[in-house]
Amino acid sequence: MYEKAYFKVADVNQYDEIKKEIQKVDIGWERYDLIDNNGNIDKISKNFNDLERVSEILVIVVVGASLIILFLVFVFWMKGRVQEIRILLALGTPKIKIFGQILLEAFMIAAAGILIARKNPKDSYRAASSNELPL
């Protein structure tokens, strides 16, 4: 006695007709279940589309939160330098030069961060994909 029978339909348009033909066979259908997997592909693709939408929203939220945190760090950094800026202004340094110095420092920190982040992307991938411990 067989436990399972699989039927694959080459033409999707003939699926309903073939299903009806299979059900006409006299094998005592009260002992068997005819499981229809035709709609599973639609459900799975819908789940992946929903997952893509959720991940896009999550990326937007994380980027937004990161920008807010960076802005707050910059504001606190500037508040700590108020006295230095006052001294430079008292010595006659033009405001545009002070602003340029602050921007230059911010860009140098950003460049250093980018270089550190992009140092060895292959090493982090290799460590994550194998059982090796990174050194």
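Taken together, the values in this text are just the output of simple stated rules run on the coordinates, not laboratory data. Quick caveat, the model's predicted, so the values are computed rather than measured. We place every Cβ from the backbone using ideal geometry, glycine too, and count neighbours over all the protein chains shown.
I want the local charge near Phe99. Using Cβ-Cβ distances under 14 Å, sum +1 for each Lys or Arg and -1 for each Asp or Glu among the other residues. Summing Lys and Arg as +1 and Asp and Glu as -1 gives +1. A simple spin-label model places the labels of Arg53 and Glu84 4.9 nm from each other, with each point 7 Å out along Cα-to-Cβ. On full extension, the segment bounded by Ile22 and Tyr6 gains 4.6 nm, given 0.36 nm per residue less the C-alpha separation.
Scalar couplings 3J(HN,Hα) for region 23-31, obtained by applying the Karplus form with A = 6.51, B = -1.76, C = 1.60 to θ = phi - 60°, are 5, 6, 5, 8, 10, x, 4, 5, 9 Hz; x denotes Gly and Pro. The string of couplings for region 79-90 from the Karplus curve (6.51, -1.76, 1.60, θ = phi - 60°) is 5, x, 9, 4, 5, 4, 5, 4, 5, 4, 5, 5 Hz, one whole number per residue in order, with x for Gly and Pro. The label point for Glu30 and the one for Met108, both projected 7 Å from the Cα toward the Cβ, are 8.8 nm apart. Applying 1/(1 + (r/R0)^6) with r as the Cβ-Cβ distance of Ile68 and Leu91 and R0 = 35 angstrom yields a FRET efficiency of 0.50.
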